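Quick notes on the structure that follows.
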2 protein chains.
Amino acid sequence: MKRNERLVDFTNFLLNRPNRMLNLNEISKRYEVAKSSISEDLVFIKRVFEDQNIGIVETFPGSLGGVRFTPYISDEVSRDRALELAELLREENRILPGGYIYLSDILGHPANLKKIGQIIAHEYCDKQIDVVMTIATKGIPIAQSVAEILDVPFVIVRRDPKVTEGATLNVNYMSGSSSRVENMTLSKRSLSIGQSVLIVDDFMKGAGTINGMKSLVHEFDCFLSGVAVFLEGPFKGERLVDDYKSILKVDQIDVAQRTIEVELGNIFEEK
Amino acid sequence: MKRNERLVDFTNFLLNRPNRMLNLNEISKRYEVAKSSISEDLVFIKRVFEDQNIGIVETFPGSLGGVRFTPYISDEVSRDRALELAELLREENRILPGGYIYLSDILGHPANLKKIGQIIAHEYCDKQIDVVMTIATKGIPIAQSVAEILDVPFVIVRRDPKVTEGATLNVNYMSGSSSRVENMTLSKRSLSIGQSVLIVDDFMKGAGTINGMKSLVHEFDCFLSGVAVFLEGPFKGERLVDDYKSILKVDQIDVAQRTIEVELGNIFEEK
């Protein structure tokens, strides 16, 4: 394979192996060229990946020398993606009886899910994350999108145990909005002791569900790496969780006027 | 941008825009080079994408000339991916009480989901598909993976209507295994009249659920493009649906010996 073709293949090769340390000797064998040629290729790839907000390419010297591609977007791009998502939320036919917001179309579109995944992965890029956790149903596509970028598995908490899940660990939690006691369950073999867990969900109001997932993480003897939601809704009173990040925030829903006031979430606040 | 860098960027550009007709004039503007240079780039990209089972790159001549990248794997690669998934299924600790099979770990891993998505997308690459449909919960990651490759949205059928779905269309269906009448529901705004729908799910036994989704497609005045499941389980008697495709097939589950007999599904049968 000549350089031109190798660059095409190498680009695809890296894009498909995010967050992994790849051995330079093996890559040089793959392309049947000297390591120095591979290093030259990486100069081009690195520059383009950084300029185009694709990610960061790091090379590590030495006999066990390696290269690692980390998908990464800049703060600016992350904010732009969120503003694009906010535009979708402002569409007037989203408001449902009771002031609920219709999100299923947004969360059923791969391009939107990719943006959401990138923004969340961007926020946690310097944290250890072994697994992404969410609760059925609408959190699943978000968890999958984040997990794909981070190249880690995701686990799905359910409200009722199923025969297809084997032994489960169950916790009760207090719904933040209605103050009812509810149940959530996760297959016992989903997590191992000591794993670092990122919790994601589509929507948060009183944070009762998030709080339930936090206690599940605790009961599994795992660590919490963070909590990220796509949309933070209006809530009067104190939330059950305060250490969360949101991509977007709805301040007010005017059911009569059919308008939603959407702004950027606290993920974009100055740190 | 010099050719070396342009090839890196162009590769990423195409990979992120599957199944779309891209205008060559706009691409030539993007890179500030003549269309002839872009055409030369495409020769390299095309060759590598085909040799490496990334996909097919088609160019269309004329003043409105375009290029389209279709993710595509060969029959052989599709079969290899399925065999890799079959190996995972044969692990002995998968068998749960009642002869159920634990699948959540397989379906919670982005790499496996990508394989499943590629195999299904490969099967339907010459069919019109506007939207992918599945039922909560475990079908969702599969629907998302297929939808991502096909660059179309996916919709999630539920067993109970939710306040966050707005008006819904509900159908009753007969469970294939237990002969009970059940209910499934889909938000009315999920589908438009005349769309072509691909139904996917994780597991199929009597095909009652699949049959329910088929009647939903019908009630929405949509067309069925196909039905694909990850795993087809053993079933005595006649299934409610016979026009389905399966990636893998479980013939027998020996609960005492804790072994599963897995073979390739009918998606790999000679056509």
Problem - Helix axis angle, B:3-15 relative to chain B longest principal axis, alpha carbon, degrees - result: 30
Practice task
Give the cross-link partners of residue B:236 among the lysines, using a straight C-alpha distance below 20 Å as the criterion and excluding same-chain residues fewer than 8 apart.
Solution key: B:205, B:245, B:249
Exercise for the section: Please state, to two decimals, what the Cα-based radius of gyration of segment A:3-71 comes to when divided by 2.2 N^0.38 Å (N = residues). Expected result: 0.99
Practice task
Please list the non-local residues whose amide H lies under 5 Å from the amide H of residue A:196, H modeled 1.01 Å from N, same-chain partners needing a gap of 5 or more.
Solution key: A:130, A:131, A:223
Practice task
Would you please classify the overall shape of the protein assembly as shown from the alpha carbon gyration tensor, given that a ≥ b ≥ c denote the square roots of the eigenvalues, rounded means a/c under 1.5, and beyond that prolate means a/b larger than b/c while oblate covers the rest?
Solution key: rounded
Practice task
Could you state the angle between the C-alpha long axis of helix A:35-51 and the longest principal axis of the C-alpha atoms of chain A, as a value from 0 to 90 degrees rounded to the nearest 10?
Solution key: 40
Practice task
Starting from the amide H of residue B:96, placed 1.01 Å from N in the peptide plane, find each other amide H under 5 Å away whose residue is 5 or more places distant or on another chain.
Solution key: B:101, B:102
Exercise for the section: May I ask you to report, in nm to one decimal and beginning with the shortest, the distances from residue B:74 to the same position in the other copies, taking label points 7 Å along Cα-to-Cβ? Expected result: 4.2
Handout entry: In nm, spacing of pseudo-spin labels at residue B:188 and residue B:56 (7 Å Cα→C-beta vector)
Key = 4.1
Handout entry: Nm distances between copies for residue B:237, ranked from closest, using label points 7 Å along Cα→Cβ
Key = 4.9
Practice task
Go through segment A:150-157 residue by residue and turn each phi into a ³J(HN,Hα) via Karplus (6.51, -1.76, 1.60, θ = phi - 60°); whole Hz please, and just put x for glycine and proline.
Solution key: 7, 6, 10, x, 10, 10, 10, 7
Exercise for the section: Report ³J(HN,Hα) in whole Hz for each residue of segment B:200-208, in order, from the Karplus equation J = 6.51 cos²θ - 1.76 cosθ + 1.60 where θ = phi - 60°; Gly and Pro get x. Expected result: 10, 7, 7, 9, 9, 10, x, 6, x
Handout entry: Rough spin-label spacing in nm, given labels placed 7 Å along Cα→Cβ, for residue B:74 and residue A:179
Key = 6.7
Practice task
Please work out whether segment A:56-180 counts as rounded, prolate or oblate from its C-alpha gyration tensor, where a ≥ b ≥ c are the square roots of the eigenvalues and a/c under 1.5 means rounded, while otherwise a/b larger than b/c means prolate and anything else oblate?
Solution key: oblate
Practice task
For segment A:107-202, give the share of DSSP beta bridges that are antiparallel, in percent and rounded to the nearest 5; count only bridges with both residues there.
Solution key: 55
Practice task
Using 0.36 nm per residue of separation minus the Cα-Cα distance, give me the extension gain between residue A:114 and residue A:219 in nm, one decimal.
Solution key: 34.7 nm
Handout entry: Label-point separation in nm, residue A:269 to residue B:39, each point 7 Å along Cα→Cβ
Key = 5.7
Completion exercise
About its Cα centre, chain B carries a charge dipole, from +1 on Lys and Arg Cβ atoms and -1 on Asp and Glu Cβ atoms, whose size in debye to the nearest 20 is 780
Practice task
For segment A:210-223, take each phi angle, set θ = phi - 60°, evaluate the Karplus expression 6.51 cos²θ - 1.76 cosθ + 1.60, and give the result in whole Hz per residue in order, putting x for glycine and proline.
Solution key: 4, 4, x, 5, 4, 6, 5, 4, 5, 5, 7, 6, 10, 10
Completion exercise
Checked segment A:159-217 against the a/c 1.5 cut and the a/b vs b/c comparison, axes a ≥ b ≥ c from its Cα gyration tensor; verdict oblate
Completion exercise
Taking only C-alpha positions in chain B, Rg and Dmax in angstrom work out to 21.1, 68
Handout entry: Under 5 Å, built H, 5+ apart or other chain: amide partners of residue B:55
Key = B:50, B:72
Practice task
Rounded to the nearest 100 Å², what's the accessible area chains B and A bury against each other, both chains counted, probe 1.4 Å?
Solution key: 4600
Practice task
Calculate the all-directions average of the projected area of segment A:143-270's alpha-carbon convex hull, and give it in nm².
Solution key: 9.4
Handout entry: Inter-chain shielding of A:139-152 (mean C-beta neighbours from other protein chains, 10 Å cut-off)
Key = 4
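The values are calculated or read from the model by the stated rules, or taken from the named source; none is laboratory data. Predicted, not measured: the structure shown is a model, and the values here were computed from it. In this analysis, Cβ positions are derived from the backbone assuming ideal geometry, glycine residues included, and neighbour counts consider all displayed protein chains. Keep in mind that these areas ignore ligands, DNA and RNA; they rest on the heavy atoms of the full protein, side chains included. Shrake-Rupley method; radii C 1.70, N 1.55, O 1.52, S 1.80 Å.
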